[in-house]
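Single-structure report; data block below.
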């Protein structure tokens, strides 16, 4: 008896961690599956269980003018964030990894760029909301774009920093020795070698911007509405099949983009 | 004609003078080696010549023209890096063509020049391959081709063979020599491996602590080094201290190994002065001679044996013996018979004669 | 690199400057404006005094408390999960599993919060399944209260903790565990003596990143919380939406920010924790 207890104790944590992993996966994906399941209900207010399978709510979502407008805005913002966020991220990564600036300066740059990760978004969002009012910039696309770039920047910068450090720092020297100037080195050596990371960065930035809620919420003065804002507004009113269908579409989009980015980021 | 001249080059890092007033020239078509122990400043010197680093003082000239203020990309020099640093995202041919592209050569000319250069290094069939898939020796050749494609006036090589195993290194050394002759380009080859340098170079400069200690042809440096450091660095040497007893065409020195007649080797010597005498192991014949001693250590090196002999008069001498030398006398007085003269054994007593010695600076 | 060093420093500065300007313009300037607002026209502390009055102090403490509890639960779950993935999972599934566990980070958290409404509602999935299986007699009140908000928080923030903790868990040398077992360590000892000390900086870093976000969260309490679950973000949002005078809300934000920053700096003084934070 004592031997068996000791065996159980020393044989390891047993199946406990594995069980937790399984339960966690269930926990994480069950709600998503639930929403997906309920989105197939033919009724405006789904019953549990659903009585019948219908795709009409997907159709309703895709033809809802308000929702489509929000989707286009979100999409446009996301593209700007993807491109701008990656370009800025590359500048940031270059500064942190390769620049000749003193290491204190580089550390400070990393810290400032990383602010969104540590400062509670509510404070930042509130601050931007107040600042745009005070500065009389008025609500509009520009503050929202800046807000999204700010949010996206730490992710793109640190992703690119990780890849940048892996580059052989003698490659620019070899290119230089063979006659290339800085611009040529950047275009023929640095960018091609960073390409997978740049694409992954753009995709992550796209997903992050598309799903950004709080900053946009505070800046959504007149007329600007994004998909997260629309969904939030409808959630406050009540849960419906329409909402479920919209949710599934949004989740699928983000999942595909993020999944693609993950594949790009780590070549097998 | 001088291909490359370094004049008074100095570079300091913090408190340390990595390169201290370095001066030397490389002639047209010459294979020149710059050697020295790790940390002596040879790689820093190379980078100054390449333009990847700016000297604090001094001038770099190529073909007579002062290029000290030119950045690396404008200089008529190309470098082969120690880690080779081939561009991993380009094919072999694209790597080789890179410098030509930067120089603005049209595509058709580029293609033919790349072909010719790859043929020179015998890598023609690898033109479209991924350089990361090649073996070490093959990558060496590609690196060489890439640097030679633009036909630079001087090729700078930073210990490119240090990561190869011995057999491959020997093969590549011969290849480097051949390619250098065929391309008729001046090579400046930096290494810490003196055997490599001696087998490839027309002339060698020995560096230590940022300064050049001696420059000359390999045979001159080996047989008649100027300083003890150079003597020790290039091959094995025994350096004995002794007092001068007589000076005429040779210098007679009283050393722990007995009386030695040494070549003055450009050193001024007067009677009663203390001097250093260098003796190469192969300059000592075993079997006959006035010097006696006992073997205290020996090593088998393949085609020769080496022994450390404790001399009866005090002091030690390193001796070498190939297969055709005469036998040692065993402790019991017997001599070995037959084609094998018999190995040195610890405890054997031997008779030695010094056939050659030179004076060196301490 | 060769000559022209001054020119390159200027250029480096410009390259560095662009992203930094964005970060400062959006991150720092508004905070300055906010601060000015909180002091008010007369440079007084009136707004702050009101902000720390018992009513609002209560909300602040509640928010911080929720942050701490949720972070603790997330860590408790993340430990066995990251341990299993890092040291028990067959190598070829590791990456896919990690991606699956952290995918929710890239999904829309409004939607993610909302999805629990359907599970926890009186007529929702959990209640319906439980009553039809006979586990409970009557549907439970699981929505718009502490429970639903708590679940929502764990749901949203678990991936953050898993991701951050995984980095240090992966670095833990499994041979240490084998050696300890070989010497007869029980699971408890193993955890306390081997796993915990080695991964503690990572855990602290994860906690710091997540607890502030939870305490300052808006969407989760708004979607899954009830009238009794007022958190600091709701107060600030209300103030923004309704009041003309932002001073009070600004003061509130700063008090909150101050608490968060102090904790962050406190944690960041430990060098190992700083290293972990660099992963982000």
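Table for the structure above
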| quantity | calculated |
| --- | --- |
| All positions within the stretch B:242-253 that are surrounded by 14 or more Cβ atoms within 10 Å (Cβ to Cβ) and in contact with a strand residue (DSSP E or B) (Cβ under 7 Å, 6 or more places away or on another chain) | B:242, B:244, B:250, B:251, B:252, B:253 |
| Residues satisfying the stated conditions in the stretch B:232-261, i.e. closer than 17 Å to residue B:204 by Cβ and either without any contact (Cβ under 8 Å) to a residue 12 or more places away in the chain or out of contact with any helix residue (DSSP H, G or I) (no Cβ under 9 Å at 6 or more places or on another chain) (or both) | B:232 |
| Leading residue by the ranking (surrounded by the fewest Cβ atoms within 10 Å (Cβ to Cβ)) among those in the stretch A:211-238 that are in a loop (DSSP other than H, G, I, E, B) and either touching a strand residue (DSSP E or B) at 6+ places or on another chain (Cβ under 8 Å) or at the interface with chain C (Cβ under 10 Å from one of its Cβ atoms) (or both) | A:238 |
| Wholly enclosed helices (runs of 4 or more DSSP H) of the stretch C:178-264 bearing at least 2 residues away from chain A (no Cβ under 12 Å) and surrounded by fewer than 17 Cβ atoms within 10 Å (Cβ to Cβ) | C:196-215 |
| Qualifying positions in the stretch B:53-67 - surrounded by 17 or more Cβ atoms within 10 Å (Cβ to Cβ) and either within 14 Å of chain C (Cβ to nearest Cβ) or touching a residue at least 60 places away in the same chain (Cβ under 8 Å) (or both) | B:53, B:55, B:60, B:62, B:67 |
| Every pair of residues 6+ apart whose Cβ atoms lie under 6 Å, when the first sits in the stretch A:94-106 and is more than 9 Å from chain C (Cβ to nearest Cβ) while the second is surrounded by fewer than 18 Cβ atoms within 10 Å (Cβ to Cβ) | A:97/A:165 |
| Tally of residues being at pLDDT below 85 and at the interface with chain C (Cβ under 9 Å from one of its Cβ atoms) across the stretch A:25-52 | 4 |
| Out of A:145, A:122, sole residue that is surrounded by 17 or more Cβ atoms within 10 Å (Cβ to Cβ), part of a helix (DSSP H, G or I) and more than 7 Å from chain C (Cβ to nearest Cβ) | A:145 |
| Of the criteria (1) in contact with a helix residue (DSSP H, G or I) (Cβ under 6 Å, 6 or more places away or on another chain); (2) closer than 20 Å to residue C:71 by Cβ; (3) free of Cβ contacts under 8 Å to residues at least 12 places away in the same chain, which one residue C:136 fails | (2) |
| Test set (1) at pLDDT below 90; (2) on the phi < 0 side of the Ramachandran plot - residue B:235 fails condition number | (2) |
| Top-ranked residue of the stretch A:239-253 - restricted to ones that are buried (at least 16 other Cβ atoms within 10 Å of the Cβ) and under 17 Å from residue A:30 (Cα atoms), ranked as farthest from the other protein chains (Cβ to nearest Cβ) | A:245 |
| Of all residues in the stretch A:180-196 being within 17 Å of residue B:99 (Cβ to Cβ) and modelled with pLDDT of 90 or more, the one that is nearest to the other protein chains (Cβ to nearest Cβ) | A:180 |
| Elements of type helices (runs of 4 or more DSSP H) in the stretch C:1-86, at least 3 residues being modelled with pLDDT of 80 or more, more than 19 Å from residue A:101 (Cα to Cα) and facing another protein chain (nearest Cβ under 10 Å) | C:29-39 |
| Hits in the stretch B:123-140 - residues which are under 32 Å from the mean Cα position of the chain (by Cα) and either farther than 23 Å from residue B:181 by Cα or free of Cβ contacts under 8 Å to residues at least 40 places away in the same chain (or both) | B:123, B:124, B:126, B:131, B:132, B:133, B:134, B:135, B:136, B:137, B:138 |
| Which listed residue, of A:22, A:91, is part of a helix (DSSP H, G or I), within 13 Å of another protein chain (Cβ to nearest Cβ), within 27 Å of the chain's Cα centre (by Cα) and more than 25 Å from residue C:102 (Cα to Cα) | A:91 |
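For (1) more than 9 Å from chain C (Cβ to nearest Cβ); (2) in a helix (DSSP H, G or I); (3) at pLDDT 80 or above; (4) buried (at least 16 other Cβ atoms within 10 Å of the Cβ), each residue gets a yes or a no:
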{"residue": "A:132", "(1), (2), (3), (4)": "no, yes, no, yes"}
{"residue": "A:151", "(1), (2), (3), (4)": "no, yes, yes, yes"}
{"residue": "A:154", "(1), (2), (3), (4)": "no, yes, yes, yes"}
{"residue": "A:174", "(1), (2), (3), (4)": "yes, yes, yes, yes"}
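The values are calculated or read from the model by the stated rules, or taken from the named source; none is laboratory data. The structure presented is a predicted model; accordingly, all values stated were derived computationally and were not measured. All Cβ positions, even for glycine, are placed from backbone atoms using ideal geometry, and neighbour counts span all protein chains on display.
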